[in-house]
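Have a look at the structure below before the remarks.
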Amino acid sequence: MPTYVYEVLDAKGEGTGEYFEVVQSMKEDALSKHPETGAPVRRVPQAPIIAGKWSDMGAKGRLSDKNLDRMGFTKYERKGNGYYEKTAGKGPDSIVNPD
């Protein structure tokens, strides 16, 4: 179910700058009153969050150690000053830079 953002309104029907979120079904009508205080509210339009190839959410899966290994890449992570350990792929288990 989507999360909707609502803004609390003052007596004139203008926004007060106070916002809250509510998880609702898309079939439900928008709230007209704050669920706790009863103050008038309006739903604030928000851009949907869609995870695609170009998003950070999509990139995490593509750059996982398992996926990199499957695609033939080798990945090393820095574990100390000049010391790297392999986390994916072929090659030596560690690399040490003597400098």
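We did not get these values from a lab; they are worked out from the coordinates using the rules stated. Being a predicted model, the structure only gives us computed values, none of them experimental. We place every Cβ from the backbone using ideal geometry, glycine too, and count neighbours over all the protein chains shown.
Calculate the all-directions average of the projected area of the chain's alpha-carbon convex hull, and give it in nm².
Values: hull surface 46.7 nm².
For the Cα atoms of the chain, the hull's average projected area reads 11.7 nm².
Under a point spin-label approximation (7 Å from Cα along Cα-to-Cβ), what is the residue 93-residue 42 distance to one decimal in nm?
Here the modelled spin labels are 6.5 nm apart.
Hey, what did the chain get for relative contact order, percent, Cα under 8 Å, at least 6 apart?
Working: 142 pairs, mean separation 17.1, N = 99.
Contact order relative to length: 17 percent.
How many Lys pairs in the chain lie less than 16 angstrom apart by Cα atoms, where the lysines are 8 or more positions apart or on different chains?
7
Working from the alpha-carbon coordinates of the stretch 3-44, get Rg over Rh, Rh being the Kirkwood radius.
0.95
Taking the Cα-to-Cβ direction at residue 70 and at residue 34 and moving 7 Å from each Cα, how far apart do the two end points lie in nm?
Inter-label distance under the simple model: 4.9 nm.
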